[in-house]
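The values are calculated or read from the model by the stated rules, or taken from the named source; none is laboratory data. Here the structure is a predicted model, which means the values were calculated and not measured. Counting neighbours? That spans all protein chains shown, and the Cβs are built from the backbone with ideal geometry, glycine included. Calculation scope for accessible area: heavy atoms of the full protein, side chains included, ligands and nucleic acids excluded. Shrake-Rupley method; radii C 1.70, N 1.55, O 1.52, S 1.80 Å.
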Amino acid sequence: MKENQEELEKELKDIQQDLEVDTEAAEDSGVSEVEAENVEIVNLKADLEEMEDKFLRARAEIANMANRGKNEREQLQKYRSQDLAKKLLPSIDNLERALATEVSDEQGASLKKGVEMVLEGVRFALKEEGIEKIPAKGETFDPMLHQAVQTVPASDEVPADTIVEVLQEGYKLHDRVLRPTMVIVAQ
């Protein structure tokens, strides 16, 4: 801002010097004082328009910078939990695998119940941050959301491009995919 003010002052001095030269040249050439003043007025109007244009452009640039900064801050706020979620996903997978194991005694059942409670707490916290599972089984295959690792032949019950089985859950944060769902697709 200070640089702009110094630049404008320098340009004003240059304009004043030009006007002095123009006035002297008009006097030397025999042009009347009225004509010289008219030329001076035209020159001043042109310089004023140029300065107004520079001012408006500088103001627009400042507004654009402010908008860019605001948008960047909003994006950072919206996706602030992305890195933490990516680090937690393997732990969630491990908790789900622990729940999939069969238990035969009461101690194992209570341990499994504890793991289930921890998993539900983590899922709730992720949901609060806008992180959710990507729906997959029975859905149409979408390469933006799913990663096909195997195919099986399509049948009458399962049409082509339908997800038959989920091998690993995928997650997304708002509209951004954190990890695609690994699936088996009918072809």
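Heavy-atom accessible surface of Asp14, to the nearest 10 Å², is about 60 Å², with a 1.4 Å probe and all protein chains retained. Shape class for region 116-160: prolate, because the ratio a/c of the largest to smallest gyration tensor axis (alpha-carbon atoms, square roots of eigenvalues) is 1.5 or more and a/b beats b/c. The H on the amide N of Glu165, modeled in the peptide plane, is under 5 Å from the matching H of Ile184, each at least 5 residues off or on a different chain. Applying a DSSP loop filter and a limit of 14 other Cβ atoms within 10 Å to the trypsin sites (Lys or Arg not before Pro) in region 80-187 leaves Arg80, Lys137.
Between 0 and 90 degrees, rounded to the nearest ten: what's the tilt of helix 2-29 against the longest Cα principal axis of the chain? Orientation of helix 2-29: about 30 degrees from the principal axis.
How compact is the chain by the rule of thumb for globular proteins, expressed as Cα Rg over 2.2 N^0.38 Å? Before the final figure, lay out each step's value.
Values: Rg = 35.4 Å, N = 187, 2.2 N^0.38 = 16.1 Å.
The value comes to 2.21.
The residues of the chain have, on average, 75 Å² of accessible surface per residue, using a 1.4 Å probe with all protein chains present. Rounded to the nearest 10 square angstrom, Arg68 shows an accessible area of 120 square angstrom against a 1.4 Å probe. When the accessible area of the chain is split by element with a 1.4 Å probe, what percent falls to carbon and sulfur? Of the solvent-accessible surface of the chain, carbon and sulfur hold 53 percent. Taking the charge dipole of region 38-187 about its Cα centre, with +1 at Lys and Arg Cβ atoms and -1 at Asp and Glu Cβ atoms, the residue from Pro180, Ala63, Val158 reaching farthest to the positive side is Ala63. The accessible-area ordering, largest first, of the residues Met51, Met65 stands as Met65, Met51, per a 1.4 angstrom probe. Taking GluC sites (Glu not before Pro) across region 79-129, the ones in a DSSP loop with at most 16 further Cβ atoms lying within 10 angstrom of their Cβ are Glu102, Glu129.
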